[in-house]
1. Taking only the stretch 92-142 into account, find how many residues are closer than 27 Å to E72 by Cβ, of a type in the set (S, T, Y) and away from the ligand (no atom under 16 Å from the Cβ).
2. Would you please name the residue that is farthest from Y421 (Cα to Cα), looking only at residues in the stretch 328-361 that are in contact with a His (Cβ under 7 Å, 6 or more places away or on another chain) and more than 14 Å from the ligand (Cβ to nearest atom)?
3. Any residue at all in the stretch 435-451 that is at pLDDT 95 or above, surrounded by fewer than 23 Cβ atoms within 10 Å (Cβ to Cβ), touching a Pro at 6+ places or on another chain (Cβ under 9 Å) and part of a helix (DSSP H, G or I)?
4. Given the options R179, R197, R174, name the one that is more than 23 Å from Q143 (Cα to Cα) and either at pLDDT below 95 or assigned to a helix (DSSP H, G or I) (or both).
5. Considering the stretch 346-364 alone, what residues qualify as being under 14 Å from I439 (Cα atoms) and either surrounded by 24 or more Cβ atoms within 10 Å (Cβ to Cβ) or of a type in the set (D, E, K, R) (or both)?
6. Restricting to the stretch 271-305, give me the number of residues that are within 14 Å of the ligand (Cβ to nearest atom) and among the acidic types (D, E).
7. Which is out of contact with any helix residue (DSSP H, G or I) (no Cβ under 9 Å at 6 or more places or on another chain) and either at pLDDT 95 or above or not basic (K, R) (or both), of G108, G142, G131, G113?
8. Just to verify a result, which residue in the stretch 148-168, among those that are closer than 20 Å to S215 by Cα and assigned to a helix (DSSP H, G or I), is farthest from the ligand (Cβ to nearest atom)?
Amino acid sequence: MKQEIPYKIYLEENEMPRQWYNVRADMKKKPAPILNPATLKPITVEELSAIFCEELAKQELDDTTPYFEIPEEIRSFYRMYRPSPLTRAYCLEEKLQTPAHIYYKFEGNNTSGSHKLNSAIAQAYYAKNQGLKGVTTETGAGQWGTALSMACAYLDLDCQVYMVKCSYEQKPFRREVMRTYGAHVTPSPSINTEVGRKINAEFPGTSGSLGCAISEAVEAAVSQKGYRYVLGSVLSQVLLHQSIIGLETKAALDKYGIKADMIIGCAGGGSNLGGLISPFAGQMLRGEANYDIIAVEPASCPSLTRGVYAYDFCDTGKVCPLAKMYTLGSGFIPSANHAGGLRYHGMSSVVSELYDQGLLTARSVEQTKVFEAAQLFAKVEGILPAPESSHAIKAAIDEALKCKETGEEKNIVFGLTGTGYFDMVAYQKFNDGVMQDYIPTDEDLKTAISKLPKVD
Ligand SMILES: *Cc1c(COP(=O)(O)O)cnc(C)c1O
């Protein structure tokens, strides 16, 4: 007998996954190794451990262990806001008059407002476990910094955040959430670090950049005893932690015997998408099932759809390891798109390799279309979505409308990564009708791509 599917599919606490899943273990062809930026040789756990916590360095380089136990302390933190609901978008389906069934996994149900907390707590936990005093990081728009400050507060760990100066000044609200959780937030470039002082001397009055903030955060980590650097996306360890999203999604679908046809996620550095699709991609890699997996990126920063697959620096400051990934070049500065979390020049090496093997497809969307989708979604489903998440909404709506044409009853699942309450300036631009779409020309892309490091 067919069971009625509830509006929200909740998992019980004891159904929450006990392990993270490492999709690399099921890949026959593994992602290319990350390289030491100084020697251009595959980096070792010892070398990585100078910057990252030891346990995280091990996770980063492990492409054979399929499951990692989630420590009990992390599970108890997860219980504050997980399992997150998988919602059947009945109202959206009704509005679109589509025969498709649409489901979304909502990750905005915590104060930091996004999925980033899933990895922040894991990284903070391993730092604490190693006996460290604190961690350093950078933040652009502020989502990652907010998540990390919450995690560090919970574990009583010092949290130093280098926030790009223009965001620090123009976006005071996330900054104040971080400070409320006890983080030390420094506008970057600062006078705390050598690299910051150098940049300030060279470019007086500069409003900073993410690349510069990364360089400061790394220097702060290696120059203070008992500190390490942490990063909120791109790295394979972050995808591992974010697999909790996909594992819960799969458990919720399985609970009602639902087989997804299509899985959609927005892609910045690739962590939420990689986490959402991991268990499903694993089934595909083992030959057990098939899915249409779609990565959605902004037309202004199209690393999968218009980038090249090559080794590149993960940061503009060229201090982090090199990764082979789809990239627009670490020198590529995307236009002022309002989905700050998707303005990254590269893509996780795991997602890149899966894409290269044809396990997923990618498309890019323009931001005015994204905000139209966001507004429609907010009206019918009641959640004001983050601009980043709205890229996935846009693709899900497009696919549901295709089903209306063909009459197909597809099950479409997408990741709703967060809420947009701190993005109201972007919504204001949209509401005032002054939001613009910027698509880089081939010429724009060529410049940064031509400066990729020569590795092979
Ligand atoms: C950071 C962020 C993203 C993009 O990051 P990924 O690593 O690609 O997942 C997407 N949505 C929200 C709400 C974010 O904060």
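The values are calculated or read from the model by the stated rules, or taken from the named source; none is laboratory data. Nothing here was measured: the structure is a model prediction, and the numbers come from that model. Every residue, glycine as well, gets a Cβ built from its backbone with ideal geometry; the counts of neighbours run over all protein chains shown.
1. 3
2. Among those residues, the one meeting the criterion is G329.
3. For the stretch 435-451, residues at pLDDT 95 or above, surrounded by fewer than 23 Cβ atoms within 10 Å (Cβ to Cβ), touching a Pro at 6+ places or on another chain (Cβ under 9 Å) and part of a helix (DSSP H, G or I): absent.
4. R197
5. R363, the sole residue that qualifies.
6. Count: 1.
7. G131
8. K165
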